[in-house]
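Please treat every number below as a calculation from the coordinates, not as lab data. Only a predicted model underlies this, so the values are computations on that prediction, with no experimental measurement involved. Reconstructed Cβ throughout: ideal geometry from the backbone, glycine too, with neighbour counts over all protein chains shown.
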DNA sequence: CTAATACCAAGTAAATTACTAGGGATTACC
DNA sequence: GGTAATCCCTAGTAATTTACTTGGTATTAG
C-alpha cells in the first residue's frame, strides 16, 4: 500500500514547477537538477501530467513546461491520479471503469471496506490544492527568496 | 498505491473466521476452501495475525483458529496493519519507527501531504470493526442461514 | 543551420509479490 | 503409544511490477 516513485517524484516535480514558473516556462532539466531526479524519468511523469492537462509545454530552445491552470485550481488528487492511475486500494473499486467482477461472480464481502478507504483517500487529496503546498513552502522557508527556493 | 493480496485475502479470511468461529476453532483448510484461497499462503497471513494477537490457535487434530477478542474490539485497521506492515503511503511517514531522513537531510516538501493521506486512511480503517463487517454480511445475505454463509 | 528543448517507444536490471515446497511440532483419538 | 490432523516454520522461486535507461524523432529560437 505504498505510493510509487511516480506519485512521489511527480508531486515534488510539479510543485517545483509551480514554485518556479511564475515568469514563464521552465525546463525539465532544471527541475531534475533541483530535485535530484532523473530527467528522462521525469519525462515520463510529465507526459502523464500533460495528458491529464495539468501542465502545458513549449518545444524548442527556451521551451519548457508550465502549469495549465492556476495552482488553486489544481488539486493533489488530480496530480496523484494522473500519475498513479487511481488511488483506490484495489482494482475492483477503482474509479476508472473496468473492475471486472470482484470475486467468484458475486459481490465481494470486503468491497465496502475498500470503497470507504478509497473515498477517505480521495477526500483528503481532492481537498489539498497546489496553492496550499506553495503557501506551506513559503511558510516553512521564510528566509529564502522565492527565486532561490 | 494498491493493497497486496496479504491485505485483501487476509481480511476476507479473518472475516470468514469471524463468521464461522462462534462454536469454537475452525481450520485453515475450511477457510481456504470457502474463500478459494491457498491454504499454505493463508498460513503466512495467519502467522502475522497471530503475532499481532488478533487470533488464537489450537494445535493438533480438531485444532484451528479463533478470534482473540470479540469482533467489536478488533478493527479493520488492526487487521490491515498486521498484514501490510503499515498503511502509510510512504515509508517516511510510516508509524513504525525507522523513516530515515526523508530527503537530502532537510524536511521533505511533500511530507505534509503523505501525513494527511496516512491519517485519512487510518481514520477510516480504525473506525470499522470486524463486528460491523459481520453485521453487513448478514444484512446482505438475509436469506442464508449463518452456518451456511 | 545548429542546438536546445520537448516528445516517444522499447528495453532491462532490480525489487517485490505471491506464492509453493518441504519439512517439523503438537495433540486428539484409537 | 501410534497415527493422523492440524498448526507452525523456513526457504526457495516464478511471475510481475517498478524504476529506470537508451536511443532515438520533432520542433523551433537564434
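Which whole-number percent of Cα pairs in region A:1-94 have a distance greater than 23 Å?
Values: 879 of 4371 pairs.
Percentage above 23 Å: 20.
Largest GNM mean-square fluctuation among A:121, A:14, A:79, using chain A with Cα springs under 10 Å: A:121.
Taking a ≥ b ≥ c as the square roots of the eigenvalues of the Cα gyration tensor, region A:34-81 is oblate, since a/c reaches 1.5 or more and a/b is not larger than b/c. A crude spin-label estimate for the pair residue B:52 and residue A:127, with each label 7 Å from Cα along the Cβ direction, gives 2.6 nm.
Averaged over the residues of B:83-93, the number of partner chain Cβ atoms lying within 10 Å of the residue Cβ comes to 3.
Once you have the Kirkwood Rh of the protein assembly as shown from its Cα pairs, apply Stokes-Einstein at 20 °C and 1.002 mPa s and quote D in µm²/s. Present the calculation step by step, with values, prior to reporting the outcome.
Details: Rh = 21.4 Å.
Once the numbers are plugged in, D ends up at 100 µm²/s.
Shielding of peptide A:2-14 by partners, expressed as the average count of other chain Cβ atoms within 10 Å per residue Cβ, is 4. Shielding by partners for peptide B:46-54, expressed as the average number of C-beta atoms from other protein chains within 10 Å of each residue's C-beta, is 0.
Copy B relates to copy A by a rotation, and the B residue whose beta-carbon is nearest that axis, with the distance in whole angstrom, is B:120, 2. Per-residue ellipticity at 222 nm from helix content only, as computed over chain B with -39500 (n - 2.57) for each DSSP H run of at least four residues, stands at -15000 deg cm²/dmol. The angle between the Cα long axis of helix B:130-140 and the main principal axis of chain B comes to about 60°, on a 0 to 90 degree scale.
Relative to the longest principal axis of the Cα atoms of chain B, the long axis of helix B:39-51 lies at roughly 60 degrees.
Rounded to the nearest 10 degrees, the angle from helix B:5-20 to the longest Cα principal axis of chain B is 40 degrees. Across identical copies of the chain, residue A:40 has label-point separations of 4.1 nm, listed in ascending order, with the point defined 7 angstrom from Cα along Cα→Cβ.
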